[in-house]
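Written out below as structure tokens is the structure these notes cover.
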Amino acid sequence: MLRIGLFLAFLVVPVLEIWVLIQIGQVIGGWQTVGLLIADSLLGAWLVRREGRRAWAALQSALQSGRMPERELADGGMIVAGGALLLTPGFITDIAGFFLILPFTRPLARRGLRWFLGRRVQAMSARSPYGPLLNNPLRPQDFQESQDHRRPGNVVPGKIVDDDDFAER
């Protein structure tokens, strides 16, 4: 499914970019469209540089404090991906790039990335030989006390015999 999506993205996105460029060029003019793309690129380069520095500082701070920098690494990856999208000419990829770079939209992108990758990991683990074990973990309620008579379980009543007591008899 992911391969089909990537194939369609590489096929559809360039066609849409060209169509949007033509439409905007017809409305505001050709040179103005080129100027808007150049201004868009300059603003994007400035934002990537600024947010990249912030992400790097946050990553170093997290590492120095001894905690796992998962949020900072995700932010850094999204800034790199957003910068790559801003390098491609066109307004659709620029909008997606700005969405990944801007600090007030990045948490939404991070949530979406977490959701997507979580689904991918679940799908991959289901196909692994250990899938039944990974998808059916032991739950804390499986280990309740034996006095819980509300539901039947695999508890066998018994008595603990100490070796010392047994030897004295």
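Here are some notes:
- Nearest-0.05 FRET efficiency for L8 and L117, computed from C-beta distance (R0 22 Å): 0.60
- Segments 21-28, 63-70 sorted - mean Cβ within 10 Å per residue, highest first: 21-28, 63-70
- Computed over protein heavy atoms with a 1.4 Å probe, the carbon and sulfur contribution to the accessible area of region 45-102 reaches 68%.
- Potential extension, I28-L102 segment - 0.36 nm per residue separation minus Cα distance: 24.0 nm
The values are calculated or read from the model by the stated rules, or taken from the named source; none is laboratory data. What you are looking at is a predicted structure, and each value in this text was computed from that prediction instead of being measured. As a convention, Cβ positions derive from the backbone with ideal geometry for all residues, glycine included, and neighbour counts pool all protein chains shown. Surface areas here come from the heavy atoms of the whole protein model, side chains and all, with no ligands, DNA or RNA. Shrake-Rupley method; radii C 1.70, N 1.55, O 1.52, S 1.80 Å.
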